[in-house]
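Shown next, in structure tokens, is the structure this report addresses.
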């Protein structure tokens, strides 16, 4: 549990760990030279940190819920090439707050939400697929994906990248959605072996496009042998 | 076989899988918004897809044979940082065609040729070496490596990168070849731990330079303990 | 030993191997076309090569000792995204020399020093921490990190990156040191899952800041379960 892990770390900055090799941390008063280095608004002295090795989408969607629920702002969001030898990203998200209790609360909300946001991540030895959906995008989805605030947003990720090409094609054909971005390994991604697309539109259409992409993606990734499994429990 | 795998996937877009965690796919009529996003010639509505986790050279050389044999054109070629925790690239190649049967045929030719093009890829736990040769470079080698059309082309890859430095030095000293490009981890490669060089010239000289590089490379990579093994059967 | 490995490789260019999947190599007379490609001073015909899959800091610090001890100069230093599926870099360092015996000696010095410079590298399955210290930075630290020549220099690396944020904050609060650089996955690092900071100042202050960062870092990385272990023997 959260409290056992806290005592295991024995450090005030520690909040907890979660799936995806995710660690949640908080700094009550960030050193001014680091604040200045990034040029962040100096009122955000308290920083919540969500950092992981495996996955970016799940952590960004979880952070989106966290900023909805707290007085925090996404001040940094970077995607290393990681997944521990897998085909995708890791993630570093910093949330700024005026009050340390807000920063801590935001990290707790995000860590807890990861169980849900890993639900439509499917993987086998050859690659992974990811689908994310929100009926109302907030500031993390806006910063990371350009999702319009308060509107439905869907994310489609396929690795190896060619599977992403087929899935995104299927998604666009399945429903009247608007393509927000379309990224390939060296154009938009940080050299991951993924094609990633974000869509917006009517919430029913966004879900329909995700479901169409998921259907074809699961079959194609399954052609490598093992049926891809949800990492937790599908939510879309 | 191709047909069993096809039925395994149960999707019209699926063509087959091959070594290097390679998947071959085809889209009969690519969504116009994806075509527009890339700015491809709209006549290429049919897209053949070669996508893999492990290797770029083998897939590019195989695609080179595919474009020679079919009415297709390389419309996208990107190299993620991959090899599933190894030191090199994966690859995403999209082949445009006016007719879906051409796109499918190109992917089939490429998948079949991988058995050959992985022949001079050698690996052990510490790294890998790769050598590729063609007597007549075509459009995939031209796009990926700047190889002159119709001329002999040779490719030398060494990982870790320092082994590539020694191999490329040996290759240039062994025969009168012209250096087409020379790439290092952060200059030309997508952050792989490789030095890569392409050479052209008289076909005998190109082969001689590759053989000299291979001789020294196998000894050096073997200094890490395990003798590097060909992934299939050497062809150079 | 060095000599057995040399005979194992049976190539004049081979110097030895060391931890971190590091190989040491030397080229007596580098091909002029490679020299020209990089635009190096043509007097440096002899090149010492330190190339590895795992780690950049240990190899750079070891090269720093090597250039202090020999007539060599760092002519190339590049950091691939590597660590064999881990969260960090590999490294390619080329040392130029007028005389091949200097190049060889430099590589020997560096390989031997790696046992020491891996001493404050700590790792477990979730990530790694690294601390490096020198009382007098030389040309490799200067080229790689902008460290002022002859002054104390300290390096702090944390992966996953969020642990680096907390460690660098602690380091700056612990002692009066000057931040030389602060790099994040996509700003300064080559897409590694690390935060890296270099500091300079009074040698006592630099050590104090490193020790403060190490204390908190070991606890946080340990929160993922396994206590992080030194790869050899701590030296700071």
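The values are calculated or read from the model by the stated rules, or taken from the named source; none is laboratory data. In this text the structure is predicted, and so the values were computed from the model without any measurement. Cβ sites come from the backbone with ideal geometry, for glycine too, and all protein chains shown count toward neighbours.
The table for this structure:
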| item | result |
| --- | --- |
| Any hit, segment B:133-145, residues being closer than 28 Å to residue C:53 by Cα, touching a residue at least 12 places away in the same chain (Cβ under 8 Å), within 14 Å of chain C (Cβ to nearest Cβ) and touching a strand residue (DSSP E or B) at 6+ places or on another chain (Cβ under 8 Å) | no |
| Single residue of segment A:29-43 satisfying the filter (surrounded by fewer than 20 Cβ atoms within 10 Å (Cβ to Cβ) and in contact with a strand residue (DSSP E or B) (Cβ under 6 Å, 6 or more places away or on another chain)) that is farthest from residue C:174 (Cα to Cα) | A:40 |
| Where residue B:41 falls short, out of the listed (1) closer than 12 Å to residue B:89 by Cβ; (2) touching a helix residue (DSSP H, G or I) at 6+ places or on another chain (Cβ under 9 Å) | (1) |
| Residue under evaluation residue B:101, criteria (1) crowded, with 24+ Cβ neighbours inside 10 Å; (2) away from every other protein chain (no Cβ under 14 Å), criterion not met | (1) |
| Top-ranked residue of segment A:121-132 - restricted to ones that are buried (at least 20 other Cβ atoms within 10 Å of the Cβ) and touching a helix residue (DSSP H, G or I) at 6+ places or on another chain (Cβ under 7 Å), ranked as farthest from residue A:224 (Cα to Cα) | A:132 |
| Matching residues, segment C:200-217, being farther than 19 Å from residue C:116 by Cα and within 14 Å of chain A (Cβ to nearest Cβ) | C:200, C:201, C:209, C:212, C:213, C:215, C:216, C:217 |
| 2 or more residues within 12 Å of chain C (Cβ to nearest Cβ) and free of Cβ contacts under 8 Å to residues at least 24 places away in the same chain: qualifying helices (runs of 4 or more DSSP H) within segment A:1-89 | A:2-9, A:32-38 |
| Conditions (1) at pLDDT 95 or above; (2) touching a helix residue (DSSP H, G or I) at 6+ places or on another chain (Cβ under 7 Å): number failed by residue C:206 | (2) |
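Each row is one residue, and each column tells you yes or no for (1) surrounded by fewer than 18 Cβ atoms within 10 Å (Cβ to Cβ); (2) over 20 Å from the mean Cα position of the chain (by Cα); (3) under 21 Å from residue B:79 (Cβ atoms); (4) touching a residue at least 24 places away in the same chain (Cβ under 8 Å).
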residue	(1), (2), (3), (4)
B:164	no, no, yes, yes
B:181	yes, no, yes, yes
B:200	no, no, yes, yes
B:209	no, no, no, yes
B:223	no, yes, no, no
B:228	no, no, no, yes
